[in-house]
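Some notes on the structure that comes next.
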Amino acid sequence: MKRVIFGLLVAAVGVVLMYGREHRSSSISITNYESATSDNCSDHVQLHQGEYATLVSGEETRMLPNQPLSIRAANNGGIRVTTWDGPEFSVKLCKQVAADAEPEAHKILDETKLTVEGPTVSVAVPQDSGHSNVATLLLVKAPRDASVNLKVHNGGASLYHFSGTAEAETTNGGISLKNSTGKLTVRAKNGGVSIRDCGGEVNATVANGGLSIALPERWEGKGLDAHTQNGGLSIAVPKNFSSGLEVVASVHAGLVCRGTACQNAQRTSEGGRQTLRLGAGEPQIRATTQNGGVVIKDEYTKE
């Protein structure tokens, strides 16, 4: 059984979230429609049948008490967390299987299930059969101010309209934070991080991946501290930006700042580093890159 990779690609011009890997002579992919507000699996996951004979889909939902929750994706799976008004957690497993035979597909689908052990949620996937393809995504709805810990290997994680405390760690995959606030700590290795219209206390560390930040007009909360090593940094600043921003890069790295937000920017260079500051007051937002270039622009298009 070959499972589908979920990755985050971050470029200077934007962010694309996608799963995908080629099998046989066809492309089998899953797309996470991050902006979709529904919790229907079909709005978030699509596994293309390709040359397999059959494709089956299913889902499983568990209601869990409001407590600090550890959520572990299936290998090559993904996690998406949003906040809702319910008093409990809703955890939905979206699953699809493409296989050579329909009985085999249904068997694998039935054996792919949620596992809950105390405060830990994971996904059980049957042993690789070599004749099928499995895709999984966890859609989590968390109570307001809830606490979650997310871990993903060969996959991605996203917080979308989330409010609370979250730690997210990915290896070979990316992380997306959008319209989220609270105490958010994210670490991505071999994958990028996207932060858009967030607030609170946010810390992001990226190794071997890009960092894309789209700022609100005013940062509400303690601030943002983000660092990438071996990756580029892209920052979009709105016209009426009223917080302070500090960007640090190697003195030899390209640092491009364009638009009206950059007209009063202050640049300094010392100790092998170049620093750019713009906005009002002491920097509430700090972003650094090591071995990567920087692009700062003064507008972005809201979705």
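The magnitude of the dipole of segment 108-216, with charges of +1 and -1 set on the Cβ of Lys/Arg and Asp/Glu and taken from the Cα centre, is near 300 debye. Structural descriptor for the chain: relative contact order 14 percent, calculated from alpha carbon pairs under 8 angstrom and at least 6 residues apart. Dipole size of the chain about its Cα centre, with +1 on Lys/Arg Cβ and -1 on Asp/Glu Cβ: approximately 720 debye, rounded to the nearest 20. Report summary: the helix-based calculation at 222 nm, which adds -39500 (n - 2.57) for every DSSP H run with n ≥ 4 and divides by the residues of the chain, gives -1000 deg cm²/dmol.
Dipole of the chain computed with +1 at Lys/Arg Cβ and -1 at Asp/Glu Cβ about the Cα centre; of T170, G279, V251, farthest Cα towards the positive end is V251.
Between 0 and 90 degrees, the angle of helix 102-111 with respect to the longest Cα principal axis of the chain falls at about 60 degrees.
So if I place +1 on the C-beta of Lys and Arg and -1 on the C-beta of Asp and Glu, and nothing else carries charge, what would the dipole magnitude of segment 227-303 be about its Cα centre? I want it in debye, nearest 20. Show your work: numbers first, answer last.
Details: 8 positive and 6 negative charges, 19 e Å.
Rounded to the nearest 20 debye, it is 100 debye.
Identify the GluC sites (Glu not before Pro) of segment 54-89 meeting these criteria: DSSP loop state and at most 16 other C-beta atoms within 10 Å of the C-beta.
Working: sites: E59, E60, E88; in loops: E88.
Sparse-neighbourhood loop GluC sites (Glu not before Pro): E88.
In plain terms, if you count all Cα to Cα distances in segment 65-110 and split them into 10 Å steps from zero, the share in each step is 19, 40, 26, 14, 1 percent. With pairing defined as another cysteine C-beta under 4.7 Å, the cysteines of the chain that fail it are C198.
Please list 72-78, 254-260, 43-49 highest first by mean number of surrounding beta-carbon atoms within 10 Å per residue. Please report the intermediate quantities before stating the final value.
On the way: 72-78: 24.3, 254-260: 13.7, 43-49: 19.0.
Taking the mean over residues of other Cβ atoms within 10 Å, the ranking is 72-78, 43-49, 254-260.
Got a number for carbon plus sulfur as a percent of the chain's accessible area, 1.4 Å probe?
On the way: 6010 of 13250 Å².
Result for the chain: 45 percent of the exposed heavy-atom area is carbon or sulfur.
The values are calculated or read from the model by the stated rules, or taken from the named source; none is laboratory data. Keep in mind it's a predicted model, so treat the numbers as computed, not measured. Note that we place each Cβ from the backbone using ideal geometry, even for glycine, and neighbour counts take in every protein chain shown. Heads up: the accessible areas ignore ligands, DNA and RNA and are worked out on the full protein's heavy atoms, side chains in. Shrake-Rupley method; radii C 1.70, N 1.55, O 1.52, S 1.80 Å.
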